[in-house]
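As structure tokens, the structure follows; a few thoughts come after it.
All of the numbers you see were taken from the coordinates with simple rules; none came from a lab. Keep in mind the model is a prediction, meaning the values are calculated, not measured. When we count neighbours, we look across all protein chains shown, and the Cβ atoms used for this are built from the backbone with ideal geometry, even at glycine.
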């Protein structure tokens, strides 16, 4: 089975973020980067499926030249080869433009299964995977927690609300977005790190793909949310006041 996993490079979770002077993104000169955590779960799902069925796992990443570090990390964990679509500032691409670029890059691959993370840690749109499925004309399933082969297709378990789950039979080829925390992530071994240096990384340029990928979303401004103070007094019996307080804390302040 040929499995393609889409990954993204994002700032490390412990990075100290500062807004750039333009107000359109963050200062990135001194940041460290890592693989987007939801994409790491997609990669793990792909590697586990390959171990059961054979085949290969290919990672595809659209991002600046520096994203090669994240690609090598994915290769060190076990991916067989990679496709790097070099773009400019990775924060400027919107989901539709990104999906069109990746679809063009994958035309010659014809994968059996595409996996993406649920969303990115930096922009958090949660749309790239499902849009890519629509661009490619593939069936797709979101919030997938487990994948099993079933005849010529696959059976997936997806998470619903309130502790419910759903099992779906899906024909191949297909695209799945993987739920974070669905499995335990592996670490790259020393041997894996050594092998990653010799694995193939196909270099492409977004500008050369002619994918009709002009941005449809423009990021105008980012800013730190303003802090406000507000007092509210609950009159009436203590029991009713306590119920109102709990409701406010749960649904407005969202702290319980």
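For the range 187-239, what's the radius of gyration and Dmax over Cα atoms, in angstrom?
Spelled out, the Cα radius of gyration and Dmax of the range 187-239 are 27.1, 72 Å.
Once both axes come from the Cα atoms, what is the angle between helix 95-105 and the longest principal axis of the chain, in degrees from 0 to 90, rounded to 10?
Once rounded, one gets 10 degrees.
Could you work out the relative contact order of the chain, using alpha carbon pairs under 8 angstrom and six or more residues apart, expressed as a whole percent?
Result for the chain is 24 percent.
Looking only at 133, 82, 243, which one moves most when the chain is put into a Gaussian network model with springs between Cα atoms under 10 Å?
Top of the fluctuation ranking is 243.
Which Rg and Dmax, in Å, describe the Cα atoms of the range 2-208?
Calculated on Cα positions, Rg and Dmax stand at 16.5, 55 Å.
Using Cα pairs under 8 angstrom and six or more residues apart, how large is the relative contact order of the range 91-137, in percent?
Contact order relative to length: 53 percent.
Have a look at 188, 238, 206 and tell me which one the Gaussian network model of the chain (Cα, springs below 10 Å) gives the largest fluctuation.
Among 188, 238, 206, the largest mean-square fluctuation in the Gaussian network model of the chain belongs to 238.
Helix 238-251 against the longest principal axis of the chain: what's the angle in degrees, Cα atoms only, rounded to the nearest 10?
For 238-251 against the chain, the angle is about 30 degrees.
Please state the equivalent ellipsoid semi-axes for the range 53-124: what are the square roots of 5 times the Cα gyration tensor eigenvalues, largest first, in whole Å?
Details: eigenvalues 81, 46, 30 Å².
Semi-axes, largest first: 20, 15, 12 Å.
At a 10 angstrom cut-off on C-beta neighbours, averaged per residue, how do the peptides 221-234, 169-182 rank from highest to lowest?
169-182, 221-234
Kindly work out what percent of the DSSP beta bridges joining two residues of the range 2-208 are antiparallel, to the nearest 5.
35 percent
Using only alpha carbons, build the gyration tensor for the range 213-256 and give me the equivalent ellipsoid semi-axes, biggest first, whole Å.
39, 13, 7
Just the ratio, please: alpha-carbon radius of gyration of the range 1-88 over 2.2 N^0.38 Å, N its number of residues.
For the range 1-88, the normalised Cα radius of gyration is 1.21.
With axes computed from alpha carbons, what is the tilt in degrees of helix 68-77 against the longest principal axis of the chain, rounded to the nearest 10 within 0 to 90?
Once rounded, one gets 80 degrees.
As a test of the formula, what do you get for the chain when each DSSP H run with n ≥ 4 contributes -39,500 (n - 2.57) and the sum is divided by the residue count, at 222 nm and rounded to the nearest 500 deg cm²/dmol? Intermediate values should be presented prior to the final figure.
On the way: 6 runs with 68 residues, N = 256.
It lands at -8000 deg cm²/dmol.
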